[in-house]
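One structure is given here, and the rest of the page talks about it.
The values are calculated or read from the model by the stated rules, or taken from the named source; none is laboratory data. Since the structure is predicted, the reported quantities are computational estimates derived from the model, not experimental observations. Cβ placement follows ideal geometry from the backbone for every residue including glycine, while neighbour counts extend to all protein chains displayed.
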Number of protein chains: 6
Amino acid sequence: MPIIRVEMFKGRTRDQKRAMVKEVTEAYVRTCGGTAKGLSVVITEVDKEDWGSGGELCCDLYPD
Amino acid sequence: MPIIRVEMFKGRTRDQKRAMVKEVTEAYVRTCGGTAKGLSVVITEVDKEDWGSGGELCCDLYPD
Amino acid sequence: MPIIRVEMFKGRTRDQKRAMVKEVTEAYVRTCGGTAKGLSVVITEVDKEDWGSGGELCCDLYPD
Amino acid sequence: MPIIRVEMFKGRTRDQKRAMVKEVTEAYVRTCGGTAKGLSVVITEVDKEDWGSGGELCCDLYPD
Amino acid sequence: MPIIRVEMFKGRTRDQKRAMVKEVTEAYVRTCGGTAKGLSVVITEVDKEDWGSGGELCCDLYPD
Amino acid sequence: MPIIRVEMFKGRTRDQKRAMVKEVTEAYVRTCGGTAKGLSVVITEVDKEDWGSGGELCCDLYPD
């Protein structure tokens, strides 16, 4: 039943997402109990232009 | 004043979204009171690659 | 698979929540397809002190 | 440490986002204390087709 | 129409929340346009036990 | 910079939360890169009365 949301910069590959969903799900079940079945992970990719840190946009802080 | 968020797979038409917003709003007002005015519904479409269930990506579980 | 979140003022009864979850779920399925099974609704009750509208706190705008 | 999320219609320029992140961060720190360092702002741009108000889609209420 | 969410540690007074909602709303309108009317701010207070940073709970990192 | 949110039923101990935050953070870094520093995890505990599944409240589906 748990829902896990991950907000991260754009640019991870599908393989990275696949591994992350698997390992984060396992980490949750190992520590909090329950089963993987019914555990959702929703990924939101955020553009550096849409992420601010310390009052500045990440596209300015970390240009590509 | 209430805010309703809907996360769903990509692929619904504008007509489906229009009907959903109308009927979900009506369902809320009918059961919880208040008026439709001021009730917001925000839709987030999620790619199957960005949705994990039971430790697997939905693009693997439900390929198109 | 869809996830619906509802943010609303504190104060609805369990019966209102029960009816709302049922009718909002039905409204979603009727308009967007799929089945109720696997559709989650998560309710967040918000205190008037924690909700601002137009720059003012709702506990000031709508005192009990 | 605080996290601020802003959901708004699509269409703001990068300069508007930059100014908004700066001024919202400053407003938070001025009123709630702490430092800007470590304060995140995440912007989500929402299409008018994905935003409902009063039971209607904003693309119908406010056509471009 | 915009929705702003603020997640922060528990412990701000009502006066701080009132000032924050007012100034954050003004900062948004000044930089992104529109009017304060219809702009919502939703505050979520998070316990240090429910906030992790760098893999550790904030109740361990910053004990009261 | 990534932000991970976990919504789960009430009732986990502080030790479970501590272990979960540690292992979920490590799982993210191992699969997606970056460092644990700056990665936030925010836990939201949800009452069974506030969680619906398949159109029913979890307090009805899974009574204590």
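Residue-by-condition table, conditions (1) within 19 Å of C:GLU45 (Cβ to Cβ); (2) small (Gly, Ala, Ser); (3) in contact with a strand residue (DSSP E or B) (Cβ under 8 Å, 6 or more places away or on another chain):
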{"site": "B:PRO2", "(1), (2), (3)": "yes, no, yes"}
{"site": "B:LYS10", "(1), (2), (3)": "no, no, yes"}
{"site": "B:ALA19", "(1), (2), (3)": "no, yes, no"}
{"site": "B:ALA36", "(1), (2), (3)": "no, yes, no"}
{"site": "B:THR44", "(1), (2), (3)": "no, no, yes"}
{"site": "B:GLY54", "(1), (2), (3)": "no, yes, no"}
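One residue is enough: does region F:28-37 have a residue meeting the conditions under 21 Å from A:GLU26 (Cβ atoms) and charged (D, E, K, R)?
yes
Of A:MET8, A:MET20, which residue is modelled with pLDDT of 95 or more, surrounded by 19 or more Cβ atoms within 10 Å (Cβ to Cβ) and closer than 14 Å to B:GLY55 by Cβ? Give the derivation first.
Working: A:MET8 fails: closer than 14 Å to B:GLY55 by Cβ.
From the options A:MET8, A:MET20, the qualifying one is A:MET20.
Could you look through region A:48-64, keep only residues that are surrounded by 15 or more Cβ atoms within 10 Å (Cβ to Cβ) and among the acidic types (Asp, Glu), and pick out the one that is nearest to the chain's Cα centre (by Cα)?
Among those that are surrounded by 15 or more Cβ atoms within 10 Å (Cβ to Cβ) and among the acidic types (Asp, Glu), it is A:ASP50.
Of the residues in region E:1-58, how many are within 14 Å of chain F (Cβ to nearest Cβ), without any contact (Cβ under 8 Å) to a residue 24 or more places away in the chain and either in a loop (DSSP other than H, G, I, E, B) or among the aliphatic types (A, V, I, L, M) (or both)?
Adding up the residues that qualify gives 3.
Out of all the residues in region A:38-64, which are among the hydrophobic types (A, V, I, L, M, F, W, C) and either under 30 Å from D:GLU26 (Cα atoms) or touching a Pro at 6+ places or on another chain (Cβ under 8 Å) (or both)?
Hits for region A:38-64 are A:LEU39, A:ILE43, A:VAL46, A:TRP51, A:LEU57, A:CYS58, A:CYS59, A:LEU61.
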